[in-house]
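Peer 1: Before we start, here is the structure in question, set down as structure tokens.
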Amino acid sequence: FDPRHYVRTHRYSLPKTGPHRLRFLLESVKDLRETLKKKGSTLVVRKGKPEDVVYDLITQLGSVTAVVFHEEVREIL
């Protein structure tokens, strides 16, 4: 979870992620983790800037052959 997604927007000072969306995200991650666990796998969940967290995780695991990510869609002005 990137803390920058849970702060106010630059415009209008509205929250980027409201309480309902946050609850949905947390419940979805919990459900995904439980589903993966039933299949003998796991889900790594971290809080922090992705550029830091992913680097730390790769360093910790040591044998990473690929990293897949998505980029947040930015608004066009």
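Peer 1: Excluding ligands, DNA and RNA, what is the solvent-accessible area per residue of the chain at a probe of 1.4 Å, expressed in Å²?
Peer 2: That works out to 96 Å² for each residue.
Peer 1: Taking 0.36 nm per residue of sequence separation and subtracting the Cα-Cα distance, how much length would be gained by fully extending the chain between residue 57 and residue 69, in nm to one decimal?
Peer 2: 2.9 nm
Peer 1: While we're here: Does the chain classify as rounded, prolate or oblate by the C-alpha gyration tensor (a ≥ b ≥ c root eigenvalues; a/c under 1.5 gives rounded; else a/b over b/c gives prolate, otherwise oblate)? The partial results should precede the final answer.
Peer 2: On the way: a/c = 2.53, a/b = 1.44, b/c = 1.75.
Since a/c reaches 1.5 but b/c is at least a/b, the shape of the chain is classed as oblate.
Peer 1: Separate question: Quick one: accessible surface of residue 30, probe radius 1.4 Å, all protein chains present, in square angstrom to the nearest 10.
Peer 2: 130 Å²
Peer 1: Of all the accessible heavy-atom surface of region 3-45, with the other protein chains kept in place and a 1.4 Å probe, what percent is carbon and sulfur?
Peer 2: Exposed carbon and sulfur together represent 59 percent of the surface.
Peer 1: Taking the Cα centre as origin and putting +1 on Lys and Arg beta-carbons and -1 on Asp and Glu beta-carbons, what dipole magnitude results for region 3-45, to the nearest 20 debye?
Peer 2: Computed charge dipole of region 3-45: roughly 120 debye.
Peer 1: Among 43, 67, 15, pick out the residue whose Cα is farthest towards the positive end of the charge dipole of the chain, where Lys and Arg carry +1 and Asp and Glu carry -1 on C-beta, about the Cα centre.
Peer 2: 15
Peer 1: I would also like to ask the following. Within 13 Å, Cβ to Cβ, of residue 52, how many net charges do the neighbouring residues add up to if Lys/Arg are +1 and Asp/Glu are -1? List each step's numbers first, then the result.
Peer 2: Values: positive: 4, 46, 47, 49; negative: 2, 51, 56.
Neighbour charge sum, excluding residue 52 itself: +1.
Peer 1: Relative to the longest principal axis of the chain, what angle (0 to 90°, nearest 10) does the C-alpha long axis of helix 19-38 take?
Peer 2: Relative to the chain, helix 19-38 is tipped by roughly 10 degrees.
Peer 1: Taking only DSSP H segments of four or more residues, each worth -39500 (n - 2.57), what value at 222 nm results for the chain once the sum is divided by all its residues, to the nearest 500 deg cm²/dmol?
Peer 2: When only DSSP H runs of four or more count, the value is -14000 deg cm²/dmol.
The values are calculated or read from the model by the stated rules, or taken from the named source; none is laboratory data. Note that the structure is a prediction, hence the values are computed from the model and not measured. All Cβ positions, glycine included, derive from the backbone under ideal geometry; neighbour counts span all protein chains shown. Accessible surface areas use protein heavy atoms only, side chains included; no ligands, DNA or RNA. Shrake-Rupley method; radii C 1.70, N 1.55, O 1.52, S 1.80 Å.
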